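Undergrad: The structure that follows is given in the form of structure tokens.
What follows is calculated from the coordinates using simple rules that are stated; it is not laboratory data. None of these values were measured; they are calculated from a predicted model. Positions of Cβ are backbone-derived with ideal geometry, glycine not excepted, and every protein chain shown enters the neighbour counts.
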Amino acid sequence: VQRGRIVAAAEVEQSYIMIKPDGVQRGLVGEIISRFEKKGFLLKGLKLFQCSKDLAQEHYKDLKDKPFFPTLINYITSGPVVCMAWEGVGVVASARKLIGATNPLQAEPGTIRGDLAVQTGRNVVHGSDSPDNGKREIALWFKEGELCEWESVQTPWLIE
Ligand code: IDP
Ligand code: MG
């Protein structure tokens, strides 16, 4: 089945999802990836990566005037992260729901942060907040050739 015939390309979005260093250290990589896989989004890119301060600062540039910015940059660069590009219709907003509120104590049970974290400064996962930021962040974290174009055999069982 050709996906392009079922879903208009314009509706397909990409979200940059990142397991933060605490998620990697706590052994939550499989658990977190699994939630996006089971939901039915398409994995386009995946790598374990130690990021530089420059890259972390660029990624979070909208927060550069916040008092927590220096500790946020230390946190994100404190160990390897897992970088992912996920694709699908509505993936950006849906991923934010799967992830839950920024403060894990306010995140609903059933969400990643609601189930797996307790503090805003250790909230285990990042998800893009708009389709435009999804594109921007994927371009920032992945080099050309690191994303895969592929068709999942599940697609006709996910999209009518
Ligand atoms: P989001 O990750 O839910 O989109 P943002 O407001 O964009 O939340 O903040 C980005 C990240 O910055 C958060 O996920 C969290 O790691 C960190 N952060 C946000 N607010 C605070 C804070 O008040 N204290 C410490 N870290 C914070
Ligand atoms: Mg954000």
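Undergrad: Can you tell me the orientation of helix 131-141 relative to the chain, as the angle in degrees between its alpha-carbon axis and the longest Cα principal axis, to the nearest 10?
TA: Between helix and principal axis, roughly 70 degrees.
Undergrad: What FRET efficiency, computed as 1/(1 + (r/R0)^6) with R0 = 41 Å and r the Cβ-Cβ distance, is obtained for THR155 and ASP65, rounded to the nearest 0.05? It would help to have the intermediate numbers written out before the result.
TA: Numbers: r = 43 Å, r/R0 = 1.04.
With R0 = 41 Å, the Cβ-Cβ based efficiency is 0.45.
Undergrad: Using 22 Å as the Cα-Cα cut-off, could you pick out the over-long pairs in LYS39/LYS143; LYS53/LYS143; LYS38/LYS61; LYS20/LYS47; LYS20/LYS135; LYS39/LYS66? Numbers along the way, then the final one.
TA: On the way: LYS39/LYS143 26 Å; LYS53/LYS143 18 Å; LYS38/LYS61 32 Å; LYS20/LYS47 12 Å; LYS20/LYS135 19 Å; LYS39/LYS66 34 Å.
Flagged as over cut-off: LYS39/LYS143; LYS38/LYS61; LYS39/LYS66.
Undergrad: Net charge near GLY79, counting Lys/Arg +1 and Asp/Glu -1 over other residues with Cβ under 15 Å of its Cβ?
TA: Numbers: positive: LYS20, ARG26, LYS47, LYS53, ARG122; negative: ASP22.
Taking every other residue near GLY79 into account, the sum is +4.
Undergrad: Let me ask something else. In degrees from 0 to 90, rounded to the nearest 10, what is the angle of the helix 29-39 Cα long axis to the longest principal axis of the chain?
TA: 40 degrees
Undergrad: Looking at the calculated P(r) for the chain, what percent of the C-alpha pair distances fall above 29 Å?
TA: Details: 1978 of 12720 pairs.
Summing the P(r) of the chain above 29 Å gives 16 percent of all pairs.
Undergrad: Report relative contact order for the range 58-160 in percent, whole number only (criteria: Cα-Cα under 8 Å, sequence separation at least 6).
TA: On the way: 74 pairs, mean separation 20.7, N = 103.
Relative contact order comes out at 20 percent.
Undergrad: May I pose another question? Which order do peptides 12-25, 52-65, 124-137, 99-112 fall in by mean Cβ count within 10 Å, highest first?
TA: Details: 12-25: 22.4, 52-65: 13.1, 124-137: 19.5, 99-112: 16.1.
By packing density, highest mean first, the sequence is 12-25, 124-137, 99-112, 52-65.
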